[in-house]
Amino acid sequence: MAFDSGNPSFRVFWYKDHLNDTIIENFAQAIAPEISTLSTSPIDGWAGWRHLLDRDISAESCYFIPWLHLNLMHAERVIPKPLFRAYCRMEEEAERKARGLEFLPRKLKKEIRERVHDALLPDMPPTLSGIASVTNLSTNLVYADAMKASSVDVFAKFFRETTGQALAPFNPATAALVRRQVNVNDLTPSVYTSDENFNPPEKCDLGFEFLTWLWFKWEVKSDVFESPLGEKCQMMLEGPVTFFNEGRGAHNVVLRNGLPLQSREAGVALYCGKMISKVKLTLADSSNSWSADVDSEFAFRSLKLPKEGKSSDQPSFQERMETIDKFVHLFYHLYDTFLDERTSKSWDEIVDEIRAWVDKRATADNGQIDVN
C-alpha cells in the first residue's frame, strides 16, 4: 500500500485530543463486513494494512509504535457503462418492436434503464477501493492517501465515527491556527506585485503566499535553514511549477521543462499577481534528501524518500515512517518560519523586498537576476 513501498502521496490530518488505550479496539469494532455479505448496496469499514480484505486489526498486526497502520475499505458492485448501455439498447429495441412504435417515450426508457440496472447489478463482481492511512498516536497527526476532496470527506467522516475525534486536513489555515495560533481570517491578503492594475484578493490564502515566499527565500536569501533541533538543512525548488490567480486572463499558468523557475515567464506570472500553487520541493539534511510535489493546500505527491543503505534488507515500516515523518516536520517548520515573519512588525518591509525581486524577475532578459 501507499506507505509500505514506493513514493507515497498523502495529505496530513490533525485531531485535537490524544486517543485512549482502547482505540485499536474501536477500529476493530468498525471493521469492514465480509466481502461475501456484499449485495447491491456498498459496504465500508476499516481493514488491516496488508490488503483491503485484511480483517486482522489488532495491536500485534497493525500497531508499529507509535504508528497505527490501517486501510479504509469501500466495496460495491458496479455495472460497466458500455455493458449497461448495450443491454439498455437491446431492451429498448425489443420494447419498441413489441409495441409497434417508432420512438419510445422518455418515461418508458427510464423504466427500462431501471429494470436493466436491477437485473445486472447482483451479478457484477465486487469493486474494491481504499484509503491507506497511518495515525501517529504521539503527535495527533494522520497521514492518508486521500487526495480527492470526496476522499477527504469520507475519510474524516469514518475517523470521527470510529474515534469520536473530528479530523481536520492540516492545510495552511489549520496548521497556522494549531502551530502558531494565527487565524487566517484576521490577516489581510499580501500582494507580491507592484502592478497598480492588480486587484488584491478578498481573502488571504496562506498556502499561495507561503510557497511564493519560500521561492523568494530560497533564491534571494539562503537555501540553508535550521531544523527545530538546530541541524543545518537545505531546500531547493524545481519545476514543473503552477501559478494561480483568479482574475482576468488565465487563472492557471503551468511552466515545465528546462528551468521554469529561472524563466522570464515565471517573473511575468509573479508580476501579474499570480502566486505558486504547486511546485516540486526538495529538502535535505546532512545525510538524507526528500523531494515531493507540494501544492497550496499542503498535499504531498510522489514523495521520494532517502536512498536505502547498502544493506539488501528492506527498511522496516517504522524506518520508512520515520523518514516520512522527518520530511513532514521539516516542511511545517519552514511554514512556522513563514508564519513568524508573516505576523511580525517587519512583514511590510519583507513584502517590499519581495516586490522588488518580482520587478527584477519580470524584466530580466533570461529570468535570472543578481541576488547579491
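Give me the angle, in degrees from 0 to 90, between the Cα long axis of helix 81-99 and the longest principal axis of the Cα atoms of the chain, rounded to the nearest 10.
Compared with the principal axis, the helix lies near 40 degrees.
Averaging sequence separations of C-alpha pairs under 8 Å and six or more residues apart, then dividing by the length of the chain, give the relative contact order as a whole percent.
Worked out over the chain, it gives 18 percent.
Determine which aspartates and glutamates satisfy two conditions relative to residue 16: a Cα distance under 17 Å, and not lying fewer than 8 residues away in the same chain.
161
For helix 347-363, what angle does its Cα long axis make with the longest principal axis of the chain, in degrees from 0 to 90 and rounded to 10?
That helix lies at roughly 80 degrees to the long axis.
List residues of segment 123-140, by number, whose backbone nitrogen lies under 11 Å from a label position 7 Å along Cα→C-beta of residue 317.
Answer for this model: 133-135.
Considering every pair of different Cα atoms, what Kirkwood radius, in Å, is found for segment 251-293?
12.1
Using a 1.4 Å probe on the protein chains only, how many percent of the accessible area of the chain belongs to carbon and sulfur?
After summing per-atom areas, the C and S share lands at 49 percent.
Taking the chain as a Gaussian network, Cα atoms linked when under 10 Å apart, which of 264, 50, 99 shows the biggest mean-square fluctuation?
Judging by the Gaussian network model, the answer is 99.
With an 8 Å cut-off on Cα pairs and a minimum separation of 6 or more residues, tell me the relative contact order of segment 102-249 in percent.
It comes to 9 percent, rounded to a whole number.
Using Cα pairs closer than 8 Å and at least 6 residues apart in sequence, work out the relative contact order for segment 178-310, in percent.
The value is 23 percent.
For the chain, modelled as a Gaussian network with Cα springs under 10 Å, which listed residue fluctuates most, 211, 141, 255?
Largest GNM mean-square fluctuation: 255.
Using the heavy atoms of the protein chains alone and a 1.4 angstrom probe, what is the accessible area of segment 91-230 per residue in square angstrom?
Counting only protein heavy atoms, the per-residue value for segment 91-230 is 55 Å².
Which residue fluctuates the most in the chain, going by a Gaussian network model with Cα springs under 10 Å, if the choices are 354, 79, 57?
Of 354, 79, 57, the most mobile in the Gaussian network model is 79.
In square nanometres, what is one fourth of the surface area of the convex hull spanned by the alpha carbons of segment 67-115?
5.0
How many Å³ per residue does the convex hull of the Cα positions in segment 151-308 occupy?
Each residue corresponds to 173 Å³ of Cα convex hull volume.
Which distance in nm do the two modelled labels at residue 286 and residue 178 give, with both placed 7 Å along the Cα-to-Cβ direction?
In this crude label model, residue 286 to residue 178 measures out at 3.0 nm.
Let's see if you can work this out: charge +1 on each Lys and Arg Cβ, -1 on each Asp and Glu Cβ, no other charges. What is the dipole magnitude of the chain about its Cα centre, in debye to the nearest 20?
That gives the chain a dipole magnitude of about 1360 debye.
The values are calculated or read from the model by the stated rules, or taken from the named source; none is laboratory data. Source: prediction; values computed, not measured. Ideal geometry is used to build each Cβ from the backbone, glycine not excepted, and the neighbour counts take in all protein chains shown. SASA here: full protein model, heavy atoms, side chains in, ligands and nucleic acids out. Shrake-Rupley method; radii C 1.70, N 1.55, O 1.52, S 1.80 Å.
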